[in-house]
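Participant: I have a structure I would like to understand better, so I am pasting it below and will then ask my questions one at a time.
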Amino acid sequence: MNGAEAILNAFEQHHIDTVFGYPGGCIMPLYDALVSRNVKHILCRHEQGCALAADGYARASGRIGVCIATSGPGATNLITGVANAYMDSIPLLVITGQVPSALIGTDAFQETDILGMTLGIVKHSYLVTDANEIPQIVAEAITLATSGRPGPVWIDLPKDVLLSEIINTEAVEESHQPASTAAQTSTATTAVDMILQAKKPLLYTGGGVHLDNAVTELQQLIQLTAIPHVCTLKGIGNAGKNTACDLGMLGMHGSRAANLAVEECDLLIAIGARFDDRATGKVSTFAPAAKIIHIDCDAAEIGKLKNVELSIRSSLKSFLAQIYDDLQSHSATLQASTAEWKAHCQALKRTHGFAMSANTVDDCGPIAGPAFVNMLSSLAPADTIVSCDVGQHQMWVAQYFSFATPQQHLSSGGLGTMGFGLPAAIGAQLAAPDKPVVNISGDGSIMMNIQEMATIKRYGLPIKIIVLDNQHLGMVRQQQELFYEKNYSEVDLSDNPEFTDLAKAFGMKALKVTHANQMRRGIETLFAYSGAMLLHVCIDQTENVWPIVKPGASNKEMIEGASA
């Protein structure tokens, strides 16, 4: 057995049955060994697509995603996708070929110092020098990627190592995951006491809840206590669908209701959230009247940006279960003492939440992005997975699409990667073949990785693609309108190709809608068709995302427009 065969043995041993890759010279021994194996290899059409598809697979499945590329440009093309996974704490195993060991450092053909380039975007990385170490390294890498705060781990393999014979062929047991960090009973008791003493408590949750498989525990806590709730972009769906005390997303494009609640609360309970600048605005003005409890599995995040009264490094799942048990006997007292606050937050939601006017849906006028997304939410099957690109449409989905779980909402949060949505949808569809998967994109984002339509065709994936087309880089245009004196610079995309023709060229059905009264027919047609289909939605070129907070400003300084 050689090093390449040892990699595939490790895949099988660790139940990795789907990988995303693109072959080339230095990784070719692995592809040679792949032919006779049961591992399903998905050939994407660009290495960035491989990394983003593996990311989408991991988000939708809860399992590790795997991407493979060759040395040099193959490896460097992975970098954006790996950085995307790192910023959003998504577990990836990244495997690249490298030039033969004797040529490392000689500027050989397709040589790059990929470990040096990627130090800041991985949890750990390996340059393998001995093929006998491969089984142990793969086991360690999988454990590192999936334990604690998840993230990508990179294994770089010189070609000669992949070809080298392995002497020790004994299987390596999967490394034991580190024991969960459980909150001390005294710390949990302090947290419960702070909650019971608060008159205006507020839950603030992020992507860590889903990553720790703690959604059920959070929803049970919300149901027990009825404490009002706000969330980050990655926390959308944490509270469940149609939850009365859920005020939705906070921050730059969050609801005024959510931002006002943060402004007024006297206790902020941050669970699996990292106080990102898009969520907090000017951090010194964030939750100014509140004591803060911060619960996270990563000690580095606690107190990094905001001083807290109580820091709890813990598994979120175990901590939420513990305080649920501790609060059960106090639920009536808690609900009574916070009744006025809850009524106030519900009034904020009615007045300052996201709502659509009926006359934006059925008339013959132009299509408004929020109205389209709102209707899509009402017509989509309940188990639909939405893979979103980056831009105005991403924020409209966050505002107007209702998700039952965060696992249904795939969105590039920390890195904001245009081109994320289409390959991520491919990964999600392969992870959940029986669920409808929709990629919602913009006319800017879709062009970033449009080559992956060929991947959809090759594997017969029934993915639905929606392109909200305003013929502009909409989010950039909006900021230029509001903050750069309408000095519109390089945002015109009116020369894009006809998207329905492009879809047909890739063997995909396509439909175009241009007026508000065509939206329902377009959406119903999209979901009625059994195969892949693109819906081209022409939207109002001047439509903006409201509300908006100017970058660097306080969240209380929200700017609202006619659609807010």
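The values are calculated or read from the model by the stated rules, or taken from the named source; none is laboratory data. Here the structure is a predicted model, which means the values were calculated and not measured. Every residue, glycine among them, receives a Cβ derived from its backbone with ideal geometry; neighbour counts consider all protein chains shown.
Participant: Can you tell me which of 225, 243, 232, 216 is in the same structural domain as residue 298 (by TED's automatic domain parsing), polar (S, T, N, Q) and within 21 Å of residue 414 (Cα to Cα)? Step through it out loud before you land on a result.
Facilitator: Working: 225 fails: within 21 Å of residue 414 (Cα to Cα); 243 fails: within 21 Å of residue 414 (Cα to Cα); 216 fails: within 21 Å of residue 414 (Cα to Cα).
After ruling out the rest, the residue left standing is 232.
Participant: Name the pairs whose Cβ atoms lie under 6 Å apart, with the first residue in the stretch 461-473 and not assigned by TED's automatic domain parsing to the domain that holds residue 519, the second part of a loop (DSSP other than H, G, I, E, B) and basic (Lys, Arg), and 6 or more positions between them or separate chains?
Facilitator: The qualifying pairs do not exist here.
Participant: Out of the stretch 230-280, which residues are under 23 Å from residue 311 (Cβ atoms), within 20 Å of the chain's Cα centre (by Cα) and not in a loop (DSSP other than H, G, I, E, B)?
Facilitator: Result: 230, 231, 234, 235, 270, 271, 277, 278, 279, 280.
Participant: In the stretch 531-564, what count of residues is obtained for those that are of a type outside the set (D, E, K, R), assigned to a loop (DSSP other than H, G, I, E, B) and within 26 Å of the chain's Cα centre (by Cα)?
Facilitator: Initial filter on the stretch 531-564 (of a type outside the set (D, E, K, R)): 531-539, 541-542, 544-549, 551-555, 558-559, 561-564.
From what's left, assigned to a loop (DSSP other than H, G, I, E, B): 531-532, 541-542, 544-547, 551-553, 555, 561-564.
Checking which are within 26 Å of the chain's Cα centre (by Cα) leaves us with 531-532, 544-547, 551-553, 555, 564.
Looking only at that region, the number is 11.
Participant: Still on this model: Do you know which residues across the stretch 374-397 are aliphatic (A, V, I, L, M) and under 25 Å from residue 430 (Cβ atoms)? Quick ask: steps written out before the conclusion?
Facilitator: Of the residues in the stretch 374-397, the ones aliphatic (A, V, I, L, M) are 375-376, 379-380, 382, 385-386, 390, 395, 397.
Answer for the stretch 374-397, where residues must be aliphatic (A, V, I, L, M) and under 25 Å from residue 430 (Cβ atoms): 376, 379, 380, 382, 385, 386, 390, 397.
Participant: Which condition from (1) surrounded by fewer than 17 Cβ atoms within 10 Å (Cβ to Cβ); (2) without any contact (Cβ under 8 Å) to a residue 40 or more places away in the chain; (3) in contact with an Asp or Glu (Cβ under 7 Å, 6 or more places away or on another chain); (4) of a type outside the set (D, E, K, R) is the one that residue 489 breaks?
Facilitator: Only one criterion is unmet by residue 489, namely (3).
Participant: Condition check: basic (Lys, Arg) and closer than 18 Å to residue 483 by Cβ. Does residue 509 satisfy that? Working first, answer last.
Facilitator: Details: basic (Lys, Arg): yes; closer than 18 Å to residue 483 by Cβ: no.
Judged against the criteria, residue 509 is not a match.
Yes/no matrix, rows are residues, columns are (1) of a type in the set (Val, Ile, Thr); (2) farther than 23 Å from residue 542 by Cα; (3) under 21 Å from the mean Cα position of the chain (by Cα); (4) surrounded by fewer than 23 Cβ atoms within 10 Å (Cβ to Cβ):
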| residue | (1), (2), (3), (4) |
| --- | --- |
| 444 | no, no, yes, no |
| 458 | no, yes, no, yes |
| 463 | yes, yes, yes, no |
| 469 | no, no, no, no |
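Participant: Still on this model: Taking the conditions exactly as written (at pLDDT 95 or above, buried (at least 24 other Cβ atoms within 10 Å of the Cβ) and touching a helix residue (DSSP H, G or I) at 6+ places or on another chain (Cβ under 6 Å)), does residue 440 satisfy them or not? I'd like the intermediate steps shown before the answer.
Facilitator: Details: at pLDDT 95 or above: yes; buried (at least 24 other Cβ atoms within 10 Å of the Cβ): yes; touching a helix residue (DSSP H, G or I) at 6+ places or on another chain (Cβ under 6 Å): yes.
Judged against the criteria, residue 440 is a match.
Participant: Just name the residue that is surrounded by the most Cβ atoms within 10 Å (Cβ to Cβ) out of those in the stretch 283-306 that are in contact with a helix residue (DSSP H, G or I) (Cβ under 9 Å, 6 or more places away or on another chain) and of a type in the set (A, V, I, L, M). Give the steps one after another, and end with the answer.
Facilitator: Our first condition is that a residue be in contact with a helix residue (DSSP H, G or I) (Cβ under 9 Å, 6 or more places away or on another chain); within the stretch 283-306, this holds for 283, 285-291, 293-298, 301, 305-306.
Checking the rest, the ones that are also of a type in the set (A, V, I, L, M) come to 283, 287, 289-290, 293, 295, 305.
Values: 283: 15, 287: 23, 289: 12, 290: 22, 293: 24, 295: 29, 305: 14.
Of everything passing the filter in the stretch 283-306, 295 is surrounded by the most Cβ atoms within 10 Å (Cβ to Cβ).
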